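K.L.:
Handing you a structure now.
The values are calculated or read from the model by the stated rules, or taken from the named source; none is laboratory data. Everything numeric in this text was worked out from a predicted model, so none of it was measured. Here the Cβ is made from the backbone with ideal geometry for all residues, glycine too, and neighbour counts use every protein chain on show.
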Amino acid sequence: MVIGCPRCGAEATSGVYCQNCNDMLQAELEAADVLDFAMQWCMEYFKIKPSLRPQVRTSLADMPLEEATEYRVKVFIPEPTQEISLSIGEEAGGYTLVQWTVEKRI
C-alpha cells in the first residue's frame, strides 16, 4: 500500500512525508524565527483581529540556499482571505522586510 504525503500528496518514501516535504519542514524548523517575523509583520500591517490570529499560517516559498541572507516566505491571511509573498532579509540585529506582494485573493 502506497501512503501519500499529507502535505503534497506525493508518494511518501520514508516516514510520513515525501523527501521534498520532509526537507522543507526541516528548513522551516531552522527558519522559525524568520517565519515568526513574517507572521508578526502581517498581523500588524493587515491589522488581524485577535480571534483570527491562530488562522494565520506561514511557510517558506522555496528552500533557502546555504548561508541565505534573504528568505522568501508565504503567509496566508484569513480575513480578507489572501496569500502574501514576502522577501525577508537577514541583518545584524534581526530581520527586515525587503519586499511584499499579494499573491492571490481567495
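K.L.:
Spot the failing condition for V73; the list is (1) at pLDDT 95 or above; (2) in contact with a Lys or Arg (Cβ under 6 Å, 6 or more places away or on another chain), and only one is missed.
P.N.:
(2)
K.L.:
Could I ask something else about it? Restricting to the range 5-39, name every residue that is touching a Cys at 6+ places or on another chain (Cβ under 8 Å) and either of a type in the set (A, V, I, L, M, F, W, C) or outside any helix (DSSP H, G or I) (or both).
P.N.:
C5, R7, C8, A10, E11, A12, V16, Y17, C18, C21 - these are the residues of the range 5-39 that are touching a Cys at 6+ places or on another chain (Cβ under 8 Å) and either of a type in the set (A, V, I, L, M, F, W, C) or outside any helix (DSSP H, G or I) (or both).
K.L.:
Let me ask another. Go through the range 53-86 and give me each residue that's surrounded by 12 or more Cβ atoms within 10 Å (Cβ to Cβ), closer than 15 Å to A32 by Cα and of a type in the set (S, T, Y).
P.N.:
T58, S59, Y71
K.L.:
Failed condition for V98, given (1) within 15 Å of the chain's Cα centre (by Cα); (2) in a strand (DSSP E or B); (3) hydrophobic (A, V, I, L, M, F, W, C), with all others met?
P.N.:
Condition not satisfied by V98: (1).
K.L.:
Quick one: is S51 assigned to a helix (DSSP H, G or I) and of a type in the set (S, T, Y)?
P.N.:
So S51 passes the test.
K.L.:
Residues to consider are G4, G9; find the one that is exposed (fewer than 11 other Cβ atoms within 10 Å of the Cβ) and not assigned by TED's automatic domain parsing to the domain that holds K74.
P.N.:
None of the other options fit; the residue is G9.
K.L.:
Right, something else. Of the numbered conditions (1) in a loop (DSSP other than H, G, I, E, B); (2) of a type in the set (D, E); (3) within 12 Å of the chain's Cα centre (by Cα), E66 satisfies every one except a single condition; which is it?
P.N.:
Failing condition for E66: (3).
K.L.:
Scan the range 87-96 residue by residue and report those that are surrounded by 14 or more Cβ atoms within 10 Å (Cβ to Cβ) and among the hydrophobic types (A, V, I, L, M, F, W, C).
P.N.:
Selection gives I88 alone.
K.L.:
If the Cβ limit is 9 Å and pairs must be 6+ apart or interchain, which residue in the range 83-102 that is more than 16 Å from P64 (Cα to Cα) pairs with which residue that is at pLDDT 90 or above and in a loop (DSSP other than H, G, I, E, B)?
P.N.:
I84/F46
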